[in-house]
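Let me begin by presenting the structure, written as structure tokens, before commenting on it.
Coordinate-derived values only; no laboratory data. As the structure is a computational prediction, the values presented were derived from the model and not from experiment. Note that we place each Cβ from the backbone using ideal geometry, even for glycine, and neighbour counts take in every protein chain shown.
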Amino acid sequence: MTQLSMRFDLRVPPFAQTSFAEQHGAMLEMASWAERVGVATIMLSEHHGDPAGFTSSPLTIAAAVLARTSRLKVSIQAALVPLHDPVRLAEQIATIDCMAPGRLSVVVGAGYRHAEFEMAGIERSDRGRLLEECVGVLRSAWSGERFEWQGREILATPPPAIPGGPDLFVGGKTVAGAKRAARLRCRFSPAVSTPEVIEAYFDESARLGFDSADVYGCVSMDEFRARHLREGPAAPGFVMVSKDPDATWKRIGPYAEYDAVTYAAWQEDGVVSDWAVPGAETWEHLRESGNYSVVTPRECVELGVRDGHIMLHPLMGGIEPEIAWESLRLFESEVLPHLE
């Protein structure tokens, strides 16, 4: 069975023929469409200080999307928790869980961009400690009981609808991040599929006796290898359906190019996430990489069968809603009927 996901980051580069208000409005309409056609999850991320306006308030957007739908789930991938007050973060997430019980999951990330830490006035070197502290606060806050933090008595309200709070994952893209997830006894959501990073998580979990280790639903390294480290091309992070991919690439190419080049430049720590395409300087390079795919309906069906998953990213890089809707309607009429 092919699983469907949708992603939004709502960037609007200087040359875009749209506005932030138009993109946010279109996103809500697309969320309603997504639920109707069977998309399982909408994924949101967080960044700050981006001239193109990468989503800075994913929890606000999550609340709007969940209010607009009744079954669809939202996954924050990731919340940059060192930039937040952990008690306020716990209250916001619990409030959303009360409005949409069990439909929000959160990956907590340490962040990596120097500019974001400078903008927040937080030492980047403290990010690991702050993430670990935040996980402890979230768990205590979601217990519904009073607890002490930094010498103060805290009572976070409301308590979440789901006992213990929403699904919580720790993100990362290094061996150190993987071991931190195990140490915190959390499921791991890696930004890379590098075998040594995944293996470090399972090894550390075993060493610590954490028997609920999980990476993308895999509970062992062998299972992860079987499901995710197969030979052949990786599943693309952007799929758009078109009857004329060449013509569509000419329309969306500048957006893909801007999106990829600027995002790759953010990988300042030398560890590149799977979404980035290092060295791709033109949209022609991106097309060849396979991570950005504009395909015919038949080719899209083949991708879904091959990968078991299709990621729709309709407004990627500031693509105008009109172009995005052309793809989504074609997907609905000529791809979905042929997918299980």
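Taking 0.36 nm per residue of sequence separation and removing the Cα-Cα distance, the Thr262/Ser19 pair yields an extension gain of 85.6 nm.
Neighbours of Pro13 by Cβ distance under 13 Å: Lys/Arg scored +1, Asp/Glu scored -1, total -4. Arranged from fewest to most other beta-carbon atoms within 10 Å of their beta carbon, Leu138, Leu208 become Leu208, Leu138.
Which parts of region 306-328 would a label at Lys243 reach, counting a residue when its backbone N lies under 18 Å from a point 7 Å out along Cα-to-Cβ? Under cut-off, by backbone N: 322-328.
Can you list which of the chymotrypsin sites (Phe, Trp or Tyr not before Pro) found in region 1-48 are DSSP loop residues with at most 16 other C-beta atoms within 10 Å? Write down the numbers at each step before the final one.
Working: sites: Phe8, Phe15, Phe20, Trp33; in loops: Phe15.
Here the sparse-neighbourhood loop sites are Phe15.
For the peptides 59-67, 78-86, 320-328, the ranking by mean Cβ contacts within 10 Å, running from highest to lowest, is 78-86, 59-67, 320-328.
Could you tell me which of Ala161, Met27, Leu328 has its Cα farthest along the dipole of the chain towards the positive end, charges placed at Cβ (Lys, Arg +1; Asp, Glu -1), taken about the Cα centre? Going by the Cα projections, it comes out as Ala161.
Each other residue within a Cβ distance under 12 Å of Ala52 adds +1 if Lys or Arg and -1 if Asp or Glu, for a net charge of -2.
Treat the count of other C-beta atoms within 10 Å as a stand-in for reagent exposure and order Tyr255, Tyr201 from fewest to most.
Numbers: Tyr255 23, Tyr201 28.
So the residues, fewest neighbours to most, are Tyr255, Tyr201.
Which FRET efficiency value, to the nearest 0.05, is calculated for Ser212 and Arg71 with the Förster distance at 22 angstrom and r the Cβ-Cβ distance?
On the way: r = 26 Å, r/R0 = 1.18.
Calculated transfer efficiency: 0.25.
The sum of -39500 (n - 2.57) across all DSSP H runs of n ≥ 4, divided by the residue count of the chain, sets its helix-only mean residue ellipticity at 222 nm to -13500 deg cm²/dmol.
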